[in-house]
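Shown next, in structure tokens, is the structure this report addresses.
Values in this text are rule-based calculations from the coordinates and carry no lab data. Bear in mind the structure is a predicted one, so any value in this text is a computation, not a measurement. Counting neighbours? That spans all protein chains shown, and the Cβs are built from the backbone with ideal geometry, glycine included.
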Amino acid sequence: MAAPGTPGRQVLKDVVAYVDVWSVNGTENYSKAFTNQLVDMGAKVSKTFSKRVTHVVFKDGYQSTWDKAQKRGVKLVSVLWVEKCRTAGAHIDEALFPAANTREHLPSLIKKKRKCMQPKDFIPKTPEHDKRLKKKFEKMATELQRQKSRLDNDVPVLLFESNGSLMYSPTIKTCAGQHSAMQRRLQEMKEKRENLSPTSSLEKSHDNPTNSPCEASWNISHDTLCSGVKDGPTRHDVLDGSLETCKDLSRPLEESKKRGKAQKPTRTLVMTSMPSEKQNLVIQVVNKLKGFSFAREVCDTTTHVLTGKPLRTLNVLLGIARGCWILSYEWVLWSLELGHWISEEPFELSNYFPAAPLCRLERGLSAGQYQGTLFADQPVMFITPTSNPPRTKLRELVLLCGGQITRIQRQAGIFIGPSQGKRKATIKYLSETWILDSITQHKVCTFDNYLLLE
């Protein structure tokens, strides 16, 4: 049987959907991404609002679509319903994710937004040209803001400075009270970490079955941005450390960089374990809501790692080691639904990656550049050239977590990865998984479980 959310699972085979999903200002059409997901789940998608339509996926769409759906008694659902059906692998009750029409009671001046048939020299009445209209518009905007604050009272908004960088972030300067609260919470989380989900609870990749004891806790899928790869790469892609970036996805990334060159955001977002249609939607939303640049791999400017599936990829591990937010794809969907970046915490994948919130809070408490201390008390390590993941990535992970690395074998107290030749009794020969599991659990794992036999 097909896994939940895969194309073989026809959970919406009785649905005929019409998709009308736009950005808040009506300039960006997001319908295609959700159309593809609906088709993958067995639904039929109609290009016109025909009599066969049973569901309308709606967000900031045309008022005529909304009116027609209500008149015919068609189910109006939000984009979140589509995602929930996909992740649950089932037809979810539509009443749990109803669509909202924020423009239903606005005057027609605001509603008509996409096409204009007036000649180019026509000057319409606008708040800039008409004082009476300006006063009316300001009054209406105040009322809308009041309603919105009441609606989103429990959803903190991410604020951005003029240069596009985040003001609300893991590295924000906090007052003494907030600092103490973060320290208390960090201590509580550390005390409870023994009860957090172990590595074995991580979702297993269907494409990468494990065979040997040393591979039992291996759960790294390679971070590929290749268009059309929906279920992740093969194990060969993981082990050889190669990274392919397809042209059709790199193009919007490059275009995004060019458009934001004048005020390039100082923070980067990395996508991992995510099929191409989701990546394209994320790119659209980020280009519209601003505040981030894209990076293919986690680096020192990365603050958010967005994952389509809770798989332990290299980018996830690097994100944990750097104290980044490790978030589910739903964070972008909810931000799209509400029209602004919302609080990340409800979407943090702490159940799958217990170390993520701990490192993130430690990063928030650090005065300068964040430096982990996980491996600070461990012997000097030598990573063998044949290690998997690649030697350079393991080295980066160890150094980010405060460990020491040497290229001279006789100076090391720990060998990581397959090694040849005579072994010394004073040296520990460990599997690469010891590093990965220790980072995931935010705890130095016992050597005995990772010893490599001769």
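Just a few scattered comments:
- Once the Cβ-Cβ distance of Q63 and T301 is raised to the sixth power relative to R0 = 35 Å, the FRET efficiency obtained is 0.25.
- Relative contact order for region 381-450, counting Cα pairs under 8 Å that sit 6 or more residues apart, in percent: 31
- Ranked packing of 332-343, 441-452, most packed first, by mean Cβ within 10 Å: 332-343, 441-452
- Neighbour-count ranking [beta-carbon atoms within 10 angstrom, fewest first] of I383, I92: I92, I383
- Per-residue ³J(HN,Hα) for region 391-407, Karplus 6.51 cos²θ - 1.76 cosθ + 1.60, θ = phi - 60°, Hz, x for Gly and Pro: 3, 5, 6, 5, 4, 4, 4, 5, 5, 4, 9, x, x, 10, 10, 10, 9
- Over all Cα atoms in region 381-450, the spread is summed up by Rg and Dmax: 11.3, 32 Å.
- From most to least packed by mean Cβ count within 10 Å, the peptides 371-379, 415-423 give 371-379, 415-423.
- Stretchable slack from Q409 to F447, in nm (0.36 nm times residue separation minus alpha-carbon distance): 11.8 nm
- Extension gain from D14 to Q371, taking 0.36 nm per residue of separation minus the Cα-Cα distance: 123.2 nm
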